[in-house]
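The values are calculated or read from the model by the stated rules, or taken from the named source; none is laboratory data. It should be emphasised that the depicted structure is a prediction, and the values quoted were computed from it without experimental measurement. Every residue, glycine as well, gets a Cβ built from its backbone with ideal geometry; the counts of neighbours run over all protein chains shown. These accessible areas exclude ligands, DNA and RNA; they are computed on the full protein's heavy atoms, side chains included. Shrake-Rupley method; radii C 1.70, N 1.55, O 1.52, S 1.80 Å.
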Amino acid sequence: MNRLVLLILTFMLFGLTCYGQDVSSLKIEQVFLDEADSTKNYYTIFYPPQIPWKGYLFLVPGFGETAENVLAQTDLPKKLALNGILTIIPILKTGSSFFGSDSSSHQSLKEIIEVVVSKYQLKDKDFFIGGFSIGGTCAVKYAELTIQNNYTIKPKAVFAIASPLDWERYYNAAQRVVRLSNPDKINQEVFYMIDRIEKEMKGTPKTALENFYANSPYSFSDTTQTAIKNLINTPIMLISEPDLQWGLKERGYDISYNNITDHSAMINELQRLGNTNAVLVTTIDKGYRQPNNIKHPISWSIADPEQLVKWLQSH
């Protein structure tokens, strides 16, 4: 079964209505930038039913996710399209196992954005970007780079859902989890992320701190605030479900290994720098993963599609 058929079946499976609106009129399409490779470097696009479009949004999926996975977890792409926002879910050249804040991923994202803007004549339309988990990491860092490098296409607003933003904090907290835990009971993701961060940063915070600063959307220890100063004038929403009790009980994690530490600190600093549109949203008991409705605070479900669309439209 090809990807587009699977996507359409997923779309139908999760309902033909969205917030009381008929979604059967929505057109979806997958576009492969390399016809010889259907595993990466392509995008899925959701067309609003009415023209003119109000803007366009790149929604970057989480680690290992495709558009099908996203649709199984959230109505956000449908909600955006029904509100006139052309919505694009990209799978970058670096594949679904991308790191999010590496230069190769950002270059690929830039290329796809430029292709889409040209193909659909979006030059004068509002551009938004957001993502889930490491996809949100990618979106926020990309938004910073558009200012830092003066890209022609800059986002009007950016959001991230349950995303790690400070790789120095994340690395040190992961090492702490290993130090405090029985090795046989540690989630393998912790070991994977330690190794992956060392690879991507070409070292540890002790040996390559400058790389952590350069690649992280936010760095608590960077008193120059180099990265986040790029977002002083950009509306940004960070969405998090801290659920410290779940972390302690289910994983043995405390607040140091919780992305809320990055979210709250970054929003605080941005507000102090003068960004009056820097927003932190925290939720309680909203995080559940489908199809089995398994409780997990790092889930698409913590983002209320209706609230998020209204926030984007307000900018």
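Of the cross-linked pairs K40/K310; K202/K286; K54/K295; K40/K123, which ones have a Cα-Cα span greater than 28 Å in the structure shown?
K40/K310; K202/K286; K54/K295
Between the helical axis of 3-13 and the dominant principal axis of the chain, each derived from Cα atoms, what acute angle in degrees is found, rounded to the nearest 10?
90 degrees
How high is the relative contact order of the chain, in percent, counting Cα pairs under 8 Å that sit 6 or more residues apart?
It rounds to 15 percent for the chain.
Between beta-carbons, use under 11 Å as the cut-off and find the net charge around T226, counting Lys and Arg +1, Asp and Glu -1.
Net of charged neighbours comes to -2.
Specify the angular offset, from 0 to 90 degrees and rounded to the nearest 10, of the alpha carbon long axis of helix 103-119 from the longest principal axis of the alpha carbons in the chain.
20 degrees
When ligands, DNA and RNA are left out and all protein chains stay put, how many square angstrom of accessible area per residue does segment 274-313 have with a 1.4 Å probe?
55 Å²
Return one quarter of the surface area of the convex hull spanned by the alpha-carbon atoms of the chain, equal to its mean projected area, in nm².
16.3 nm²
Can you give me the Rg/Rh ratio for segment 39-195, using Cα atoms for both radii and the Kirkwood formula for Rh?
1.03
Carbon-plus-sulfur fraction of the accessible area of segment 201-242, 1.4 Å probe, in percent?
57 percent
Let me have the 222 nm mean residue ellipticity of the chain computed from DSSP H runs of 4+ only, each contributing -39500 (n - 2.57), with the sum over all residues rounded to the nearest 500.
Dividing the helical sum by the residues of the chain leaves -11000 deg cm²/dmol.
With the contact rule set at Cα under 8 Å and sequence spacing of 6 or more, what percent relative contact order holds for segment 197-315?
Result for segment 197-315 is 23 percent.
So if we plug the beta-carbon distance of R272 and S181 into 1/(1 + (r/R0)^6) with R0 = 35 Å, what FRET efficiency do we get, rounded to 0.05?
0.45
Could you work out the Kirkwood radius for segment 122-191, taking every pair of different alpha carbons, averaging 1/r and inverting it, reported in Å?
In segment 122-191 this quantity evaluates to 14.2 Å.
Taking every DSSP beta bridge that has both residues in the chain, what percent is antiparallel when rounded to the nearest 5?
In the chain, DSSP labels about 40 percent of beta bridges as antiparallel.
How many nm separate the modelled label positions at S256 and D37, each set 7 Å beyond the Cα in the direction of the Cβ?
So the label points at S256 and D37 sit 3.9 nm apart.
How large is log10 I(q)/I(0) at q = 0.22 Å⁻¹ when the Debye formula is applied to the Cα atoms of segment 62-149, each weighted equally and without solvent?
Normalising to I(0) and taking log10 leaves -1.25.
Please work out the average accessible area per residue across segment 101-246, using the 1.4 Å probe convention, and give it in Å².
It amounts to 45 Å² per residue over segment 101-246.
Between the helical axis of 188-201 and the dominant principal axis of the chain, each derived from Cα atoms, what acute angle in degrees is found, rounded to the nearest 10?
That works out to roughly 90 degrees.
Please state the Cα pair-distance histogram of segment 219-315 with 5 angstrom bins from zero: what percent is in each bin?
Using 5 Å bins, I get a P(r) of 2, 12, 19, 19, 18, 14, 10, 4, 1 for segment 219-315.
For every other residue with a beta carbon closer than 13 angstrom to the beta carbon of I302, add +1 if it is Lys or Arg and -1 if Asp or Glu, then tell me the sum.
Around I302, the charge tally is -1.
What fraction of the Cα pairs in segment 69-116, stated in percent, has a spacing above 12 angstrom?
The calculated P(r) of segment 69-116 puts 67 percent of pairs beyond 12 Å.
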